[in-house]
Each structure stands twice: as C-alpha cells, then as structure tokens.
Amino acid sequence: MRLIDGAAIAAPIRAASTAEVTRLRGLGIEPRLAIVVPTDDEATDWYTRSLVRAAERVGLGCQVDRLIDATRSGIAAQLAELSADPAVHGILLQTPLPDGVSLAEVSGDIAPGKDVDGANPASLGRLVAGRPTFAPATAAAVVEILRSEGVELAGARVVVLGRSTVVGKPAALLLLAADATVTVCHSRTADLAGLCAQADVLVAAVGRAGFVGAGFVRPGAVVIDVGTNPTADGSLVGDVDAAAVADRAAALTPVPGGVGPVTTQLLLRNVLTAAGRSWSGGPG
Ligand code: NAP
C-alpha cells in the first residue's frame, strides 16, 4: 500500500498562493481570513492552529475570533460583522457548534462572497446546481488528491462513508460532478462493510478512530481518510485502521499528512480568490 503524500500535493498550491499574495499586495490588497471558533473541541483547535501557521507561511493575514459560551445570536452577530468588514476577505466558521445551534442556521450569515469554506446554504445550493461557488475545502481536497494521484473518476465506483454537510455530502456532489458513481453511507446503512468493499475509491469521513478495517476495502482500492480523531497523547488518528488495510488498499492518505494539508491550501486559495474579487468589484 502506498501512502499518499498530502504535503507534496499541497506544495504547488501553496507556492501559487504565496505568489498571489505578493500580486494582491501590489494592488494594495492585504488578504485576510477570519476564523470564528465557537468551541473548545480539541480536533478543531488542532485544525485552527495548523491553519494559522499555514496562512502565516503564505503571507496571508489571519485572525482567530474565539467565542466563549457562544449563542446562536452571538455567532450570527459575529459573522454579520465580519461579512461587513472590508478588511476581511474570507470567513471560516469552525465546528462543532454549541448544542442546539445548527450550521445551516448560522452559516447563512456568512456573506457568500466570503464563504471560503462553502458553508452557507446558498453556496451549497450552487454546488448542487453545478454553478461556480466555493466548495467546502475538505470535500474539494478529496477530489484534488484523487486527481493529482491520477485516479480515473469517470465511471469509478466511489463510496463516501459519512453524510455530514461539511464533508460527506459535498464530497459526494463533487465526485458526482466528476462522473463517479457515488454511494453515500451513514449510521443507518445496512451491510456497511459489504457496500464499502465494492468501492474503487473509499472516502472515510465518520469521525471514529480506526473504524475502517480490512473488511471495508476492496483489494486495489484507493482509500481517502478524512477522519481526524484526537488520541489521549494529543496526536491525531484517522478513521482508517492503516495496518489492517495495508494488504488490501492500493493507496491510502495518512493522518496526519494526507487530506489535512491539501484542505488547508485549498481554503487559503479560496481566500485569495475572494480577495481578488473584492478588488474587481465582488463575485461574478
Ligand atoms: P460528523 O458530522 O460527525 O458526521 C459523521 C458521519 O459519519 C455521519 O454521517 C454519521 O452518520 C456517520 N457515522 C458515524 N458513525 C457511524 C457508524 N458507526 N457507521 C456508519 N456511519 C457512521 O463528522 P464530519 O464533520 O463529517 O467529520 C468526519 C471526520 O472528518 C471527523 O473525524 C472530522 O474531525 C474530520 N474532518 C477532517 C477534516 C480535514 O480537513 N481533514 C475537515 C473536517 C472534518 P449519521 O449521519 O447517520 O449520523
């Protein structure tokens, strides 16, 4: 089994973004991302820290707005304020949200032109309709990795394990747009392992450490592990039991070092696209 090097896939995207920051600065634009964090979740914290580091590395301004004891109205007010702030070009609302607050409810307060992680239902609707939009970066990273690995998606049987609005559903839509035949599985799916074991490409986004074992993987399949599950020692592990699938999968994205670095660079690239549009008069 080959381990797919997410950092290597991310490197040219990062280089292009670094050049784009320089170009935008030349136009008098200081591109800026605002990350709204309404949770103290450990995996979210890890992702936020890595995003801030990555933004600094390409020269992009990044602010983290932590909301303690966030309420629905507090989050909405913060998102509306950032949406109206001309110094902010991209807004990322981190999850999980506080109990009783749904992403669909509050993400509508992110201006679509700044919705760099495609969370606003309006952005998701455009994705469904096949219109240009910012797709959720993690879902886009899944497709970016498969493309850069030369995996033929047209006609491929792809199983997406997980149906969240953040990962599973948008990944399925993007894969469908790439002409794959997509099955989306979830906690109520019957014969889950049997279905997954039919896939040429398996995308695991369940949020359960080591959930995907050998019985889920068809020999020769490419496995994309989106899961980021914190362990007791502070590290992260994926949804896939890498040792168990090693004899079956052709290739696997490791955790960390697979989907994460690509997601980060696609998100930063979206911020730069949004910043560029702000100069030319807003999104087309
Ligand atoms: P989520 O909202 O909790 O969704 C998990 C999905 O998995 C749900 O659709 C759920 O089914 C399904 N599921 C849970 N247990 C299952 C089981 N026993 N059998 C079958 N399906 C099951 O999680 P998420 O936000 O999509 O995130 C998934 C993972 O990706 C997490 O580890 C998260 O940390 C990670 N993540 C990584 C990145 C990155 O850039 N690498 C970005 C975002 C998220 P139901 O719908 O039926 O409940």
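The values are calculated or read from the model by the stated rules, or taken from the named source; none is laboratory data. What you see is a predicted model; the values in this text were computed from it and never measured. Counting neighbours? That spans all protein chains shown, and the Cβs are built from the backbone with ideal geometry, glycine included. Just so you know, the surface numbers come from the protein's heavy atoms only, side chains and all, with ligands and any DNA or RNA stripped out. Shrake-Rupley method; radii C 1.70, N 1.55, O 1.52, S 1.80 Å.
A few comments on the model shown:
- Rounded to the nearest 20 debye, dipole of the chain from Cβ charges on Lys, Arg, Asp, Glu: 700 debye
- The equivalent ellipsoid that matches the C-alpha gyration tensor of segment 65-202 spans semi-axes of 31, 18, 11 angstrom, in descending order.
- Separation of segment 6-45 and segment 63-77, taken as the distance between their Cα centroids, equals 22 angstrom.
- Spin-label pair Arg53/Arg72, simplified geometry with 7 Å Cα→Cβ offset, distance in nm: 3.7 nm
- Taking all Cα pairs closer than 8 Å and separated by 6 or more residues, the relative contact order of segment 153-260 comes to 23 percent.
- By average C-beta atoms within 10 angstrom, highest first, the peptides 29-40, 145-156: 29-40, 145-156
- Placed amide H near Arg218: partners under 5 Å, 5+ positions off or other chain: Ala199
- Nearest-ten-degree value, helix 6-26 long axis tilted from longest Cα axis of the chain: 10 degrees
- Label-to-label distance, Asp247 versus Ala232, with points set 7 angstrom from Cα along the beta-carbon direction: 2.9 nm.
- Helix axis angle, 42-58 relative to the chain longest principal axis, alpha carbon, degrees: 60 degrees
- Val184 long-range amide H proximity, modeled H, under 5 Å: Val160
- Amide H within-cut-off set for Cys62, under 5 Å, with H built and near neighbours excluded: Leu33
- For the chain, a Kirkwood radius taken over Cα pairs fed into Stokes-Einstein (20 °C, viscosity 1.002 mPa s) yields D = 112 µm²/s.
- Karplus-derived 3J(HN,Hα) values for segment 59-69, using 6.51 cos²θ - 1.76 cosθ + 1.60 with θ = phi - 60°, are x, 9, x, 8, 10, 10, 9, 8, 10, 7, 6 Hz; glycine and proline are entered as x.
- Taking each DSSP H run with n ≥ 4 as -39500 (n - 2.57) and averaging over every residue of the chain yields -12500 deg cm²/dmol at 222 nm.
- For segment 1-147, the C-alpha radius of gyration sits at 1.08 times the compact-globule guess of 2.2 N^0.38 Å, with N the residue count.
- In terms of the mean number of neighbouring beta-carbon atoms within 10 Å, the peptides 171-177, 9-15 order highest first as 171-177, 9-15.
- Proximal charge balance of Ile29 [Cβ under 11 Å; K/R count +1, D/E count -1]: +2
- Toward the positive end of the charge dipole of segment 1-110, with +1 on the Cβ of Lys and Arg and -1 on the Cβ of Asp and Glu, the farthest Cα among Leu82, Ala10, Tyr47 is that of Ala10.
- Considering only beta bridges that DSSP places wholly inside the chain, some 5 percent are antiparallel.
- Fraction of the pair-distance distribution of segment 142-233 above 19 Å, Cα-Cα pairs, percent: 34 percent
- To the nearest 10, the accessible area of Val21 is 0 Å² with a 1.4 Å probe.
- Solvent-accessible area, 1.4 Å probe, carbon plus sulfur percent, for the chain: 53 percent
- For the chain, the relative contact order is 22 percent, taking Cα pairs closer than 8 Å that sit 6 or more residues apart in sequence and dividing their mean separation by the residue count.
- Top positive-direction residue, dipole computed over the chain with Cβ charges, set Val128, Gly194, Ala232: Val128
- Cα long-axis angle, helix 168-177 against the chain (0 to 90 degrees, to the nearest 10): 80 degrees
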